[in-house]
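The values are calculated or read from the model by the stated rules, or taken from the named source; none is laboratory data. Remember, it's a predicted structure, so these values are computed and weren't measured experimentally. Cβ atoms come from the backbone with ideal geometry, glycine included; neighbour counts cover every protein chain shown. When the accessible area is computed, the model is the full protein with side chains, heavy atoms only, and any ligands, DNA or RNA have been set aside. Shrake-Rupley method; radii C 1.70, N 1.55, O 1.52, S 1.80 Å.
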Amino acid sequence: KSLFGLTLEVEKEIIFSIENNKKKRLISLFQFLHPADQADMLERLSSNMLDSCLQLLGKKLDPETLVYLDDEVQEDVIEKIGTKGLARALPELDTDDAVEILEDLDENKRNNLIKQLPKTDRILVEEAFSFPENSAGRLMQREFLAFPEFWTVGQTIDHMRKDIYEDEKNFYSI
């Protein structure tokens, strides 16, 4: 489903799509790139091209792309997608990534965005901000799952697939 990195051909095609307002083509190209490669591409664009690209992508920009952007470009992208765009993106991220993005914002903007998060995400993010900056409590991912100790691995996986993670985030360890 994803390409193996950002090739010169893909980069040229993305730039052509931006310059010629080929929205569907641009979205298609971005959807086949890993978020880190999407970020790499956005970092290569001039400010005007970045603005055009973000306008064409609209809500189709993968929220995880924000995590991989260098600070300066991340700030620019956040400004261009606006508070509403960022408020839509944050719940899609792991809490540690959301916290990392939020901590770079001014306090009023941060508090406004935290209020817009779904209750569960809001609680996890607020809890993370209760820890000192750069502490393990602030940096760690807060989501976890717990299961009865008598469940088999099969029961646990079935429960995760059926009840919790039908179309949610991936899990990597239990």
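Would you be able to tell me the number of residues in segment 104-122 that are open to solvent by 80 Å² or more (accessible area, probe 1.4 Å), over 24 Å from residue 73 (Cα atoms) and either outside any helix (DSSP H, G or I) or not β-branched (Val, Ile, Thr) (or both)?
Qualifying residue count, segment 104-122: 2.
Which ones in segment 134-147 are touching a helix residue (DSSP H, G or I) at 6+ places or on another chain (Cβ under 9 Å) and over 10 Å from residue 99 (Cβ atoms)?
Kept after step one, since they are touching a helix residue (DSSP H, G or I) at 6+ places or on another chain (Cβ under 9 Å), are these residues of segment 134-147: 137-143, 145, 147.
137, 143, 145, 147 - these are the residues of segment 134-147 that are touching a helix residue (DSSP H, G or I) at 6+ places or on another chain (Cβ under 9 Å) and over 10 Å from residue 99 (Cβ atoms).
Tell me, please, whether a residue that is open to solvent by 40 Å² or more (accessible area, probe 1.4 Å) and out of contact with any helix residue (DSSP H, G or I) (no Cβ under 9 Å at 6 or more places or on another chain) can be found in segment 34-50.
yes
Considering only segment 40-60, I want to know if a residue exists there that is at pLDDT 95 or above, more than 12 Å from residue 11 (Cβ to Cβ) and within 12 Å of the chain's Cα centre (by Cα).
no
In segment 123-158, how many residues are surrounded by 14 or more Cβ atoms within 10 Å (Cβ to Cβ), without any contact (Cβ under 8 Å) to a residue 12 or more places away in the chain and either in a loop (DSSP other than H, G, I, E, B) or touching a Gly at 6+ places or on another chain (Cβ under 7 Å) (or both)?
Result for segment 123-158: 1.
Which residue pairs have Cβ atoms closer than 6 Å, lie 6 or more positions apart in sequence or on different chains, and pair a first residue in segment 37-60 that is among the acidic types (Asp, Glu) with a second residue that is buried (at least 18 other Cβ atoms within 10 Å of the Cβ) and part of a helix (DSSP H, G or I)?
Note: pairs meeting the criteria are 43/73.
What are the residues in segment 51-103 that are within 18 Å of residue 114 (Cβ to Cβ), among the hydrophobic types (A, V, I, L, M, F, W, C) and open to solvent by less than 40 Å² (accessible area, probe 1.4 Å), if any?
Answer for segment 51-103, where residues must be within 18 Å of residue 114 (Cβ to Cβ), among the hydrophobic types (A, V, I, L, M, F, W, C) and open to solvent by less than 40 Å² (accessible area, probe 1.4 Å): 66, 67, 78, 86, 87, 89, 90, 93, 98, 99, 101, 102.
Restricting the first residue to segment 81-109 and requiring it to be without any contact (Cβ under 8 Å) to a residue 60 or more places away in the chain, which pairs with a second residue that is surrounded by fewer than 21 Cβ atoms within 10 Å (Cβ to Cβ) and of a type in the set (Asp, Glu) meet a Cβ separation below 6 Å and a spacing of at least six or different chains?
91/121
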